[in-house]
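Participant: Right, I'll just put the structure down here and ask away after.
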């Protein structure tokens, strides 16, 4: 009963993903929103590793490494964009940016 | 077992040239900015030729795969590569830096970053090519991200106006979120099958001998559905469509044209691949997927067209119309997987071939007419006096106000816009007409009468805003100059040759494939070949392929 099984890992992965999704929808700070997408990515990565261990093959781990690469690329992009925005308005509030609507 | 480098030659050409351009970007001289687009064109043409050279091999051996079965090329993939390279040429011509100092053109201003801009463009296009040849979930995910990541930067650097940066940030954040959703789907598909190889996953979905879809684990189906919802972002379909209006408006017009085609093509290729896998290689997917796709198709069409009617900004109108066009193509995909389910369908296989062929044809048609419409729009100047100074660089016509009377001032541009808009509406004598016809006919044969009626209603709604664009250009008069004011200094519209070439090519394409029926037939035969080979590439032949032991 005390043993960790696949479902436990999946539950944690799913919870991470959902927390990230909810945070993304509700938070308005650009950095926090970006952290929330990272949380979603890490939830997926945890799923992949857990499944990989369950199936006993390396596909999940390889996938995870690739996901980390994508996440790193997105992090560098996100920080660049955020700095660009901060120079314009001196705030990181997403609501300060609403020239586009219709 | 073909060498992977030979299989991926078109992608390697594009990505290699992208790296060369990145190096060229170090130099800030105008010469390097003028050379960059030329090299981009050369790379695209070389990639086109490289993809074309694979024709004989593909005809002879059917499908080519590398030893690890990560890359598989069949005529479906080859068709997508040729199409992407060809439309890519039109899009590069639209972004040609034709200023005196080569820092942009009438509606694009990337400053000194020309080489980087074109490098990103090539990377994004090579992502579409890679999506078309991917046979592994890892490669598919990486290819889709390769399509999207460069476009976030392209939106942000396309012009100095603050709206462009706002659009870039919105696009990036929603794109990252959708990528995570997509990945969640991938993780469950991997978890339930234990492999990332699409063809092995496909084995789980092979229908039984009565043609009934395989009963799969609900969690596997959950993975597929989440994946499709994530992919909906790429094609700007409901429920991930909301970014389109803002992003398309904020980006410079040539980049908007790029966004309306490139990620969408990649998204549709990926969706077709997923449906192929989930249909067990014979497009017999579970009924859940059929109802999901039909609901998405209807909502996407209505959201796009109804919101399109309400817009004041022409770029937003075209953005919502691009959502609607995704909806039309989703109707074709619904027909594709519904054919096996609907009672009374004769010759299911033929209907499936026709339906997929219709989608591929529509993708080509949309790419061509879309480039033409955005091309005309970017050459018309903005009349918004509130935009001035540095932010005005790279800002061209956006609102209906800007378009008023321009058709009479520039009859050629007006005519080109009219032809493209008629084609987007689907009027006869244009490629858009045949595009819609090839989508509707298989849907009718698959007994999806309700969906077809909704599609026709939507085409009628869309005529409302397309004709409004044409009417504004020809029937409304230019805004009068107020009394006592000096006539507004109207920037002389200098028409850059590459952009004109792109418009002329798009219009010729729209008309040739619309009026000359043999040309239409030639294109549709080409798409049909692409589809037939995709269908015959069945998993049964592949189970003997060498797979790395683990």
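Computed from the coordinates by the stated procedures, all read-outs in this text should not be read as laboratory data. Bear in mind that the values here come from a model prediction, so they are computed numbers and not experimental data. We place every Cβ from the backbone using ideal geometry, glycine too, and count neighbours over all the protein chains shown.
Participant: So how tilted is helix B:114-133 from the main axis of chain B? Cα-based, degrees 0 to 90, rounded to 10.
Facilitator: Roughly 20 degrees between the two axes.
Participant: Computed over the Cα atoms, what is the radius of gyration of the stretch B:364-459 divided by 2.2 N^0.38 Å, N being its residue count?
Facilitator: This ratio for the stretch B:364-459 stands at 1.41.
Participant: Ok, one more. Which of B:96, B:219, A:97, B:341 has the fewest other C-beta atoms within 10 Å, and how do the rest follow up to the most? Spell out each step's value before the answer.
Facilitator: On the way: B:96 25, B:219 12, A:97 21, B:341 18.
Listing B:96, B:219, A:97, B:341 from fewest to most nearby Cβ atoms yields B:219, B:341, A:97, B:96.
Participant: Give the distance, in whole Å, between the Cα centre of the stretch B:4-36 and the Cα centre of the stretch B:122-169.
Facilitator: 16
Participant: When the distances between all Cα atoms of the stretch B:57-107 are binned every 5 Å from zero, what whole-number percent does each bin get?
Facilitator: Calculated P(r), rounded to whole percents: 5, 16, 16, 14, 11, 9, 8, 8, 8, 5, 0.
Participant: How large is the Rg to Rh ratio of chain A when both quantities use alpha carbon positions and Rh follows Kirkwood?
Facilitator: When Rh is taken as the Kirkwood radius, the ratio is 1.12.
Participant: Could you state the per residue volume, in Å³, of the convex hull enclosing the Cα atoms of chain B?
Facilitator: 134
Participant: Okay, next question. When only Cα pairs under 8 Å and 6 or more residues apart are kept, what is the percent relative contact order across chain B?
Facilitator: Answer for chain B is 16 percent.
Participant: Let me ask you something else. In the Gaussian network model of chain A, springs joining C-alpha atoms below 10 Å, which of A:26, A:37, A:64 carries the largest mean-square fluctuation?
Facilitator: A:26
Participant: If packing is taken as the average number of other Cβ atoms within 10 Å across a peptide's residues, how do B:499-509, B:444-454, B:376-386, B:241-251 rank, most packed first?
Facilitator: Sorting B:499-509, B:444-454, B:376-386, B:241-251 by mean packing, highest first, produces B:241-251, B:499-509, B:376-386, B:444-454.
Participant: When the Debye formula is applied to the Cα atoms of the protein assembly as shown, each taken as the same point scatterer, what base-10 log of I(q)/I(0) results at q = 0.06, 0.08 Å⁻¹?
Facilitator: Those come out to -0.31, -0.55, one per q.
Participant: Need one number: nm distance between label points at residue A:3 and residue B:409, each 7 Å from Cα along Cα→Cβ, rounded to one decimal.
Facilitator: Each label point lies 7 Å from its Cα, and together they span 7.8 nm.
Participant: Would you compute the Debye intensity of the stretch B:72-203 from its alpha-carbon atoms alone, equal scatterers and no solvent, and pass along log10 I(q)/I(0) at q = 0.13, 0.14 Å⁻¹ to two decimals?
Facilitator: Values returned for q = 0.13, 0.14 Å⁻¹ are -0.66, -0.75.
Participant: While we're looking at this one, here's another question. Helix-derived [θ] at 222 nm for chain B: sum -39500 (n - 2.57) over DSSP H runs of at least 4, divide by residue count, nearest 500?
Facilitator: -23500 deg cm²/dmol
Participant: What does the average come to when, for each residue of peptide A:24-37, you count the partner chain Cβ atoms lying within 10 Å of its Cβ?
Facilitator: The per-residue average across the peptide is 2.
Participant: Would you mind checking the radius of gyration and Dmax of the stretch B:276-396 based on alpha-carbon positions, in Å?
Facilitator: Cα radius of gyration and Dmax of the stretch B:276-396 are 19.5, 65 Å respectively.
Participant: So, one more: Need one value for B:164-173: mean number of C-beta atoms belonging to other chains within 10 Å of its residues' C-beta atoms.
Facilitator: Per-residue shielding by partner chains comes out at 6.
Participant: Compare A:80, A:43, A:60 in a GNM of chain A, Cα atoms joined below 10 Å, and give the one with the largest fluctuation.
Facilitator: Maximum among the listed residues: A:80.
Participant: Which order do the peptides B:315-321, B:3-9 take when ranked by the mean count of other beta-carbon atoms within 10 Å per residue, highest first?
Facilitator: Packing proxy ranking, top to bottom: B:315-321, B:3-9.
Participant: Still on this structure: What does the structure give for A:70-82 when I average, per residue, the other chain Cβ atoms found within 10 Å of the residue Cβ?
Facilitator: Counting Cβ atoms of other protein chains within 10 Å of each residue's Cβ and averaging gives 5.
Participant: Could you state the number of Å between the C-alpha centres of the stretch B:244-312 and the stretch B:319-362?
Facilitator: Taking the Cα centre of each part, the stretch B:319-362 and the stretch B:244-312 sit 13 Å apart.
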